[in-house]
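What follows is a set of notes on a single structure, which appears directly below.
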Amino acid sequence: MNLDKIQVNACLRSGWQAIDLGFLMARAWYRPLFLAGAIPALICFVPLLILFLEDPFWAGFCAWWLKPFFERVPLYVASRKLFEDEPSYGDILARARRLFTFDMLPLLLWRRLSVQRAFNAPVSVLEELKGSARAKRLRVLHGKYSDVAMSNQFVCFCFEMIFTIGLVLMFLFFTPERFFIEVYDSYDELTLAGEWIYTLAALIAMTLIMPFHSMAGFSLYLNRRIELEAWDIEINFRSLANRKQRAGGLAAWPLALGLALCLGLGAPAGVDAATTHDRESARELIEEVLRGADYGQQKTVSKWRFKEWEDEDEGDETIPEWLIEFIEWLLRNGNWSDGAGNLALWLKFMLIAVFVLLAIYLLKRYQGPLGSLVRRERRQAAPEVLFGLEVTPESLPEDVTAEVRRLWLDQAYREAIGLLYRASLSRLIDRHELAFRDSHTEAECAALVSERGIESLSTFFDELTRVWRRLAYGHQLPPGEVIDDLCRGWQRELSDAVD
Amino acid sequence: MNETTTPGRSTADALNALRQHVNSRLIGQQQVVDQVLVALLAGGHVLIEGVPGLGKTLLVQTLAAGIGGKFKRIQFTPDLMPGDVTGHVMFDMSQSKFVLKQGPVFTNLLLADEINRAPAKTQAALLEVMQERQVTLDGKSMEVGSPFMVLATQNPIEQEGTYALPEAELDRFIIKINIDYPSAADEVAIASRYALENFAGGDGSSSQLIDVDAAQAQCAAIVVDDKVAEYAVELVRATRGTTLLRHGAGPRASIALLRCARALALINGVDYVTPDDVKQMILPVLRHRVILAPEVEIDGLGVDEVLRNLLDKVDAPRA
């Protein structure tokens with residue numbers, strides 16, 4: 001393993017960044033990795049499919065169970081490519097026996113359902129550890145990223161499922177209708193053709209996703225080793241030493257290492273090469289620094305701050321002192337034996353109380369303006385012209401009934417009844433806030449009035465509507481006494497005196 | 001609202017008696033009965049859409065008895081020929097001459113059951129009779145009965161193996177009635193009554209309750225104000241300028257609407273048409289004359305909903 005030749009930037013990454021790097025490696029080297037996994041897989045699939053010709057599900061299941069077996073060659077290829085070493089087919093074949101046999105039995109038995117398989121695989125395949133040595137190594141590695149390794153397994157499983165379903169659907173969509181294949185029988189169980197399609201699709205999906213799964217686990221493993229063995233620092237030291245050598249300076253590799261060590265312990269970055277110390281003096285210097293006043297002391301500092309707020313904002317946006325004191329008082333005096341749940345409950349009640357008080361205050365404060373706003377809106381919604389008739393109160397004569405009687409006596413019968421009808425509509429809109437629409441017929445308007453439940457008003461308006469319709473559409477004049485009755489009814493039900 | 005204008009009081013009373021007579025037999029379908037009476041007075045034909053077993057035959061039988069007319073029924077099937085509807089000429093061996101066999105259209109009320117099950121040429125033969133009210137057999141034109149009304153039915157749920165009526169032929173029906181299940185209370189009444197009595201069994205009153213020809217003549221005399229006529233035309237025209245409908249209704253719809261409004265006014269016992277009469281008849285008159293836009297159909301809207309929407313956009317007149 002020559003760290004100088006490492007093909008990735010050896011720096012510390014989070015678990016998810018390491019997965020990203022693994023996927024990137026899989027994409028970059030997809031062809032060799034795919035072939036390295038697919039060829040042994042194919043060699044295995046074909047006899048299995050022939051063996052389980054009538055029950056391809058079991059062929060698929062066996063192939064799936066042997067999946068860790070197929071993942072080893074891509075991992076080996078990747079480990080070689082990582083250090084700029086292109087393995088030949090001969091190399092792979094020479095290594096194949098070892099790859100396929102080393103610690104294989106436990107892997108295919110009790111470790112088969114491990115959810116961190118890709119993360120653990122390099123320990124067996126590359127470090128060739130087994131038994132207690134392997135377990136010890138894994139304990140160290142699993143100090144971090146084991147949850148990410150599980151997620152990697154789950155994500156890749158989901159991708160496999162999506163690919164499988166996608167491939168099945170694609171096959172069915174592209175199958176001409178005359179060759180239509182029944183995937184499910186009448187009992188909603190897979191037919192033999194359906195089993196074949198699903199099995200083949202699952203096998204294809206498995207080999208397509210395999211490089212990504214292996215590389216993500218491998219990348220996590222690398223990341224953990226970079227962290228544990230400080231590969232990044234070592235690589236920096238080496239490059240520093242190389243630069244010095246190329247510059248023709250006297251500083252040799254061990255000196256550079258010492259310098260870097262000092263740098264790592266916090267020495268000023270701009271330190272000159274002439275001030276470098278040998279190993280012994282460096283150690284003394286370090287120990288002296290460690291004995292200083294800044295070291296060896298323990299101090300606990302606590303303060304309140306909003307989560308995930310930038311430090312520079314803290315000065316302006318600190319939590320008010322009274323709130324802190326209040327919460328601290330609650331914590332001191334409340335019965336908090338049940339923990340945070342009680343605190344949350346208290347806060348909830350307090351917030352509800354604050355909202356209720358605020359709502360009461362706002363309602364009281366704005367009761368007048370809000371009420372007038374609603375009234376004004378209603379008034380605004382009232383139409384000025386309805387059914388082509390002007391229905392505003394201002395458009396009516398001062399004394400409606402007098403005007404109606406005058407028109408009637410002048411033999412302007414239609415105008416007389418029309419005025420009474422228009423005046424009634426106007427009053428119904430203005431006083432009873434009835435929402436007539438232009439599309440309403442006379443009977444519909446009368447029905448709306450009737451819905452108000454004022455019997456005398458409804459009776460009057462029904463009679464008026466009947467007389468109006470008879471005159472307007474039947475061209476029949478009502479007797480004079482009917483007009484008198486209607487005028488009296490109008491005065492009784494709708495005139496200003498009724499207010 | 002009680003309208004008291006009663007120039008045709010006797011006709012209105014007779015119509016009311018007929019309505020009560022039919023309603024007493026056909027329980028829970030008052031609106032259907034009213035609309036059929038409207039079509040009868042307007043001299044039109046009715047297309048009824050509804051699932052089987054809702055009493056369509058009983059309706060026609062009872063109505064025929066009430067008007068003192070004849071009733072015949074044709075069950076439309078895919079192998080029904082035009083001659084089976086109109087009649088044909090056949091050679092009578094005993095008399096050694098051709099004799100004319102009149103088809104079932106020679107009646108007053110004809111129930112054309114499941115009209116969309118017959119092929120287009122048979123449908124066309126009936127529709128021609130509906131329009132012309134006469135049949136030409138062996139070169140001779142013969143008038144069908146008077147009054148003459150066809151009540152054609154369609155089943156909305158079984159469309160397999162049917163021949164949908166073309167729009168031009170649908171236009172011949174003055175109204176389309178959607179007949180629905182009766183209410184629970186009405187259904188109890190139907191079950192109690194007809195569990196003991198045969199549907200076909202009459203109640204003994206087969207006397208003529210109304211002179212339909214006279215009532216139709218009186219219907220034609222009902223006054224229609226210009227504003228009301230304009231309103232009817234506006235309503236029909238509103239179906240043409242909307243994106244909700246692929247095809248609107250034609251001028252024949254305006255004529256049908258006013259004829260139906262007149263008939264409704266007569267049934268209501270008044271001698272003039274109001275905008276309410278027009279509005280009340282707009283759905284039965286227009287629902288089979290318009291075609292929904294595909295996107296509206298995809299949205300799951302029905303013809304009636306769209307028409308109601310359009311109705312709300314047309315201003316009602318105030319003469």
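The values are calculated or read from the model by the stated rules, or taken from the named source; none is laboratory data. What you see is a predicted model, and the numbers here were worked out from it, not measured in a lab. Here the Cβ positions follow ideal geometry from the backbone for every residue, glycine too, while neighbour counts run over all protein chains shown. Surface accessibility is based on the protein's heavy atoms, side chains included, excluding ligands, DNA and RNA. Shrake-Rupley method; radii C 1.70, N 1.55, O 1.52, S 1.80 Å.
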Exercise for the section: Along each of the three principal axes of the Cα atoms of segment B:70-132, give the extent in whole Å, ordering the values from largest to smallest. Expected result: 38, 25, 20
Problem - MRE, 222 nm, helices only [DSSP H, n ≥ 4, -39500 (n - 2.57), over the protein assembly as shown, to nearest 500] - result: -18500 deg cm²/dmol
Problem - Residues of segment B:103-135 with amide N under 13 Å of a point placed 7 Å along Cα→Cβ from B:Q208 - result: B:108
Practice task
Evaluate segment A:383-498: find the radius of gyration of its Cα atoms, find its Kirkwood radius, and give the ratio Rg to Rh.
Solution key: 0.92
Exercise for the section: Taking every Cα atom in segment B:1-157, find the radius of gyration and the maximum pairwise distance Dmax, and write them in Å. Expected result: 17.7, 66
Exercise for the section: Enumerate the amide H contacts of B:L209 below 5 Å, restricted to partners 5 or more residues apart or on another chain; note that Pro and chain-start residues carry no placed amide H. Expected result: B:I67, B:G68
Problem - Spatially proximal lysines relative to A:K130 (Cα-Cα < 22 Å; intrachain offsets below 8 disregarded) - result: A:K67, A:K144
Handout entry: Convex hull projection area averaged over all views, segment A:5-48, Cα basis, nm²
Key = 4.4 nm²
Handout entry: Segment A:A230-A:I39, extension gain: residue separation times 0.36 nm, minus the distance between their alpha carbons
Key = 65.1 nm
Problem - Of every Cα-Cα pair in chain B, the percent that sits beyond 35 Å - result: 23 percent
Handout entry: Listed peptides A:193-206, B:249-262, B:160-173 by packing density, highest first (mean Cβ within 10 Å)
Key = B:249-262, A:193-206, B:160-173
Handout entry: In sequence order, calculated HN-Hα J values of segment A:156-164 (Karplus, 6.51, -1.76, 1.60; Hz; x Gly/Pro)
Key = 5, 4, 4, 4, 4, 4, 4, 4, 4
Fill in the blank from the handout: Counting only protein heavy atoms and leaving out ligands, DNA and RNA, the solvent-accessible surface of B:V60 at a 1.4 Å probe, in Å² to the nearest 10, equals 0 Å²
Problem - Per-residue average of Cβ from other chains inside 10 Å of A:474-483 - result: 2
Practice task
Provide the descending list of Cα extents for segment A:3-229 along its principal axes, expressed in whole angstroms.
Solution key: 62, 32, 32
Practice task
Quick one: divide the alpha-carbon radius of gyration of segment B:106-164 by 2.2 N^0.38 Å and tell me what you get.
Solution key: 1.24
Problem - Span-like helix ranges in chain B, DSSP H, alpha carbon extent 20 angstrom or more, Kyte mean at least 0.0 - result: B:251-267
Completion exercise
So, over other residues within a Cβ distance under 14 Å of B:P166, counting Lys, Arg +1 and Asp, Glu -1, the net charge is -1
Problem - Solvent-accessible area of B:I48 with every protein chain in place, 1.4 Å probe, in Å² to the nearest 10 - result: 0 Å²
Handout entry: Residues of type lysines that B:K279 reaches as a straight line, Cα spacing below 24 Å, ignoring anything fewer than 8 places off in the same chain
Key = B:K176, B:K227, B:K313
Problem - Unit Cα scatterers, Debye sum, segment B:98-231: log10 I(q)/I(0) for q = 0.09, 0.18, 0.22 Å⁻¹ - result: -0.44, -1.26, -1.31
Handout entry: Per-residue ³J(HN,Hα) for segment A:120-135, Karplus 6.51 cos²θ - 1.76 cosθ + 1.60, θ = phi - 60°, Hz, x for Gly and Pro
Key = 7, 4, x, 5, 7, 7, 9, 8, 6, 9, 8, x, 5, 4, 5, 4
Problem - Neighbouring partner chain Cβ atoms per residue of B:311-317, average, 10 Å criterion - result: 5
Handout entry: Å³ per residue enclosed by the Cα convex hull of segment A:1-107
Key = 137 Å³
Exercise for the section: Starting from the Cα of B:I157, move 7 Å in the Cα-to-Cβ direction to define the label point; list residues of segment B:27-50 whose amide nitrogen is under 12 Å from there. Expected result: B:50
Exercise for the section: Measure off 7 Å from each Cα along the Cα-to-Cβ vector at B:T77 and B:V188, then give the distance between these two points in nanometres to one decimal. Expected result: 4.1 nm
Handout entry: Percent of C-alpha pairs per 10 Å bin, segment B:222-319, short to long
Key = 17, 49, 26, 7, 0
Exercise for the section: Rank B:L151, B:A112, B:G66 by how far each Cα sits towards the positive end of the charge dipole of segment B:1-158 (+1 on Lys, Arg Cβ; -1 on Asp, Glu Cβ) and give me just the farthest. Expected result: B:G66
Practice task
Give the whole-number value, in cubic angstrom per residue, of the convex hull volume spanned by the C-alpha atoms of the protein assembly as shown.
Solution key: 394 Å³
Fill in the blank from the handout: In whole Hz, the Karplus estimates of ³J(HN,Hα) for segment A:26-37 (6.51, -1.76, 1.60; θ = phi - 60°; x where Gly or Pro) are 4, 5, 5, 10, 4, 4, x, 5, 4, 5, 4, x
